[in-house]
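S.K.: Take this structure, written in structure tokens, and hold onto it; I'll ask about it next.
The values are calculated or read from the model by the stated rules, or taken from the named source; none is laboratory data. Bear in mind the structure is a predicted one, so any value in this text is a computation, not a measurement. Glycine gets a Cβ as well: all are built from the backbone with ideal geometry, and neighbour counts include every protein chain shown. Just the protein is used for accessible areas: all its heavy atoms, side chains included, with ligands, DNA and RNA removed. Shrake-Rupley method; radii C 1.70, N 1.55, O 1.52, S 1.80 Å.
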Amino acid sequence: MHNTTYHKASSAAEAASLLSGADDGALLAGGQTLIPTMKQRLAAPSDLVDISGVAELKGISVSGSSVTIGAMTTHAEVASSAELRAVCPGLADLAGHIGDPAVRHRGTLGGSVANNDPAADYPAAMLALGATIKTNTREIAADDFFQSMFTTALDEGEMIVSVSFEAPEKGAYAKFPNPASRYAMCGVFVAKGAGGVRVAVTGAGDDGVFRSADMEAALSSNFAADALDGVTVSPNGMLSDIHGDAAYRANLVKVMAKRATAAA
Amino acid sequence: MTSISMTVNGKAVTADVEDRTLLVDYIRESLRLTGTHVGCDTSQCGACVVHVDGKAVKSCTMLAAAAAGSEVTTIEGVANGDLHPMQKAFNDNHGLQCGFCTPGMIMSGIDMVNRYKAEGKTLDEAAIRAELEGNICRCTGYHNIVKSISQAAGEM
């Protein structure tokens, strides 16, 4: 790891000011992606601003069906929240299958969403739930937030504060983990809410997380796994690598969507 | 350099470390507590698992500076005179062969038993195997590790 200067922020405002004062700074959330990336020297920020201890960025609040989750809430906290599980068990289950138990103790929702790894789980949930990503300067709809793999609408120095969404009537996530890395080779979050059915796919697309209009249309008329039987998922735009070619991934999208629908 | 203070195995420690120092390197190189191992160094194998404020974390994927102010427990800190029930269970069930992964297995084992107890859930064999996702053993085939954790869960 190249050298860096570590700062521990005690408030969101302090973090923003430390970040803007840094030459080439980066926010350090749980560090479960950033630290390994720095160890490989694929990232070398001049300054790290650790926001994992900022209390105002943590916590889960549920009011009726409205859910808000602080950016620095860990995967373990999301997975074990009885309040969240009562209204949106699909998201709690998703969090409980990210990485492994030790990673879930450190990794955070905000860190995952900001990184927008094409195989990360949370982006599919945010997109399918139609979440709003609140930053220190504005609110961004998930549809506008996830732009391309590892690319989001976040500006330089902008920091995620929380995400919020209306818990769907039905919602679940199904993923096919790579047998070695356990990253999603395909993960599909299906949600049926007040605004209709939304289906978001991670791990499979060559440009990051995306929605499937065909599957949304099929599930809107009949929210059942076999309603997807007639949908053809094109291999165009799917990732193709040693783990699985585009046709294989296209098939996985449909299989995972059916499993998620059946579980919802 | 950053000056850090934390509690490790019940003892207060203070040191000046480079900001980029990993927690595992601080534990092994500065504190000379070499029971915590570095296996893969890519946060996959779990040989480096320690507890930070009571929670299992991979100490190769956390900065020492980020652990400042925390209570850290390593494999050297779990026995209290006698072996910890988890250590005894690994001994009783031959839960290791080469032993390289064992410190991490024991720290993860203690963590999962504590969590399941706190949540009132049953830690059955399937749950133990799922919870061991982040701990890799290349010798045993896991059977005796699972038996060990299961025995300790009944004794802790």
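S.K.: Enter the accessible area per residue of the range A:170-263 (Å², integer; probe 1.4 Å; all protein chains in place).
M.R.: Numbers: 4170 Å² over 94 residues.
Ligands and nucleic acids excluded, the figure is 44 Å² per residue.
S.K.: If only Cα atoms are counted, what is the Rg of the protein assembly as shown, and what is its Dmax, in Å?
M.R.: 21.7, 66
S.K.: Suppose R0 equals 51 Å; then what is the FRET efficiency for A:Thr232 and B:Asp41 from their Cβ-Cβ distance, rounded to the nearest 0.05? Mind dumping the intermediate values first?
M.R.: Numbers: r = 44 Å, r/R0 = 0.86.
Taking R0 as 51 Å, the efficiency between A:Thr232 and B:Asp41 is 0.70.
S.K.: Within the accessible area of the protein assembly as shown, what % is carbon and sulfur when the probe is 1.4 Å and the other protein chains stay in place?
M.R.: Values: 8440 of 17620 Å².
Within the protein assembly as shown, the accessible surface is 48 percent carbon and sulfur.
S.K.: Follow-up question, since we're still on this one. Run the quick spin-label model on A:Asp207 and A:Asp24: label points 7 Å from Cα toward the beta carbon, then report their separation in nm to one decimal.
M.R.: Taking the two extended label points, one gets 2.9 nm.
S.K.: Here is a further query. On a 0 to 90° scale, report how tilted helix A:246-263 is relative to the longest principal axis of chain A, with both axes built from alpha carbons and the result rounded to the nearest 10.
M.R.: So the inclination is approximately 80 degrees.
S.K.: Additional query: Tally Lys/Arg at +1 and Asp/Glu at -1 over every other residue whose Cβ is under 13 Å from the Cβ of B:Glu18; what's the total? Working shown, then result.
M.R.: On the way: positive: B:Arg20; negative: B:Asp16, B:Asp19, B:Asp25, B:Glu29.
My count for the surroundings of B:Glu18 gives -3.
S.K.: Tell me, what is the 1.4 Å probe accessible area of A:Asp23, in Å² to the nearest 10?
M.R.: Its heavy atoms expose roughly 140 Å² to the probe.
S.K.: Which residues, if any, in the range A:4-27 have at least 50 Å² less accessible area in the whole protein complex than in the isolated chain, probe 1.4 Å?
M.R.: A:Tyr6
S.K.: Ok, one more. What does the accessible area of B:Cys139 come to, in Å² to the nearest 10, when a probe of 1.4 Å is used?
M.R.: 60
S.K.: Report the antiparallel proportion of the DSSP beta bridges in the protein assembly as shown as a percent, rounded to a multiple of 5. Please report the intermediate quantities before stating the final value.
M.R.: On the way: 53 of 64 bridges.
So the antiparallel bridges amount to about 85 percent of the total.
S.K.: Count the net charge of all other residues whose Cβ sits under 15 Å from the Cβ of B:Gly141, scoring Lys and Arg as +1 and Asp and Glu as -1. Walk me through the numbers on the way to the answer.
M.R.: Working: positive: B:Arg129, B:Arg138, B:Lys147; negative: B:Glu125.
That sum, taken over residues with Cβ under 15 Å, equals +2.
S.K.: Given a 1.4 Å probe and no ligands, DNA or RNA in the count, how much accessible surface is buried by B and A, both sides, to the nearest 100 Å²? It would help to have the intermediate numbers written out before the result.
M.R.: Working: alone 7940 and 11690 Å², together 17620 Å².
Summing both sides, the interface buries roughly 2000 Å².
S.K.: How tilted is helix A:12-21 with respect to the longest principal axis of chain A? Cα atoms for both, answer in degrees (0 to 90, nearest 10).
M.R.: 70
S.K.: Roll a 1.4 Å probe over the protein chains and send me the accessible area per residue for chain B in Å².
M.R.: On the way: 6960 Å² over 156 residues.
So chain B comes to 45 Å² accessible per residue, rounded to a whole number.
S.K.: Taking the Cα centroid of the range B:34-60 and of the range B:119-134, what is the distance between the two, rounded to the nearest whole Å?
M.R.: About 19 Å separates the Cα centre of the range B:34-60 from the one of the range B:119-134.
S.K.: So, one more: Any idea how far the Cα center of the range A:212-264 sits from the one of the range A:16-95, in Å?
M.R.: 29
S.K.: Which order do A:Leu252, A:Leu154 take when ranked by solvent-accessible area (1.4 Å probe, heavy atoms of all protein chains), largest first?
M.R.: Details: A:Leu252 10, A:Leu154 40 Å².
Putting A:Leu252, A:Leu154 in descending order of accessible area: A:Leu154, A:Leu252.
S.K.: Between A:Ser61 and B:Glu29, what is the label-point separation in nm under the 7 Å Cα-to-beta-carbon projection?
M.R.: 4.4
S.K.: Moving on. What does the charge count around A:Lys8 come to, taking other residues whose C-beta lies under 10 Å from its C-beta (Lys +1, Arg +1, Asp -1, Glu -1)? Can you show the working numbers first?
M.R.: Values: positive: none; negative: A:Glu14, A:Asp50.
With Lys, Arg at +1 and Asp, Glu at -1, the neighbours total -2.
S.K.: Report the per residue volume, in Å³, of the convex hull enclosing the C-alpha atoms of the range A:5-50. Display every interim value, and only then the final one.
M.R.: On the way: hull volume 2.7 nm³, N = 46.
Per residue, the Cα convex hull of the range A:5-50 comes to 59 Å³.
S.K.: If each residue of separation counts as 0.36 nm, what is the full-extension length gain between B:Ala130 and B:Asn91 once their alpha-carbon separation is subtracted? All intermediate terms of the calculation are to be shown ahead of the outcome.
M.R.: Working: separation 39, 0.36 × 39 = 14.04 nm, distance 2.22 nm.
Working it through step by step, the gained length comes to 11.8 nm.
S.K.: Leaving ligands, DNA and RNA out of it, rank A:Arg259, A:Arg138 by accessible area with a 1.4 Å probe, largest first. Walk me through the intermediate numbers first.
M.R.: Numbers: A:Arg259 130, A:Arg138 90 Å².
So the residues, ranked largest to smallest area, are A:Arg259, A:Arg138.
S.K.: Something else about it: Got a number for the accessible area of A:Lys39? Probe 1.4 Å, square angstrom, nearest 10.
M.R.: 40
S.K.: Next question. With all distinct Cα pairs included, what does the Kirkwood hydrodynamic radius of the range B:48-145 come out to in Å, to one decimal, could you say? Please report the intermediate quantities before stating the final value.
M.R.: Details: mean 1/r = 0.0706 Å⁻¹.
Over the range B:48-145, the inverse of the mean reciprocal pair distance is 14.2 Å.
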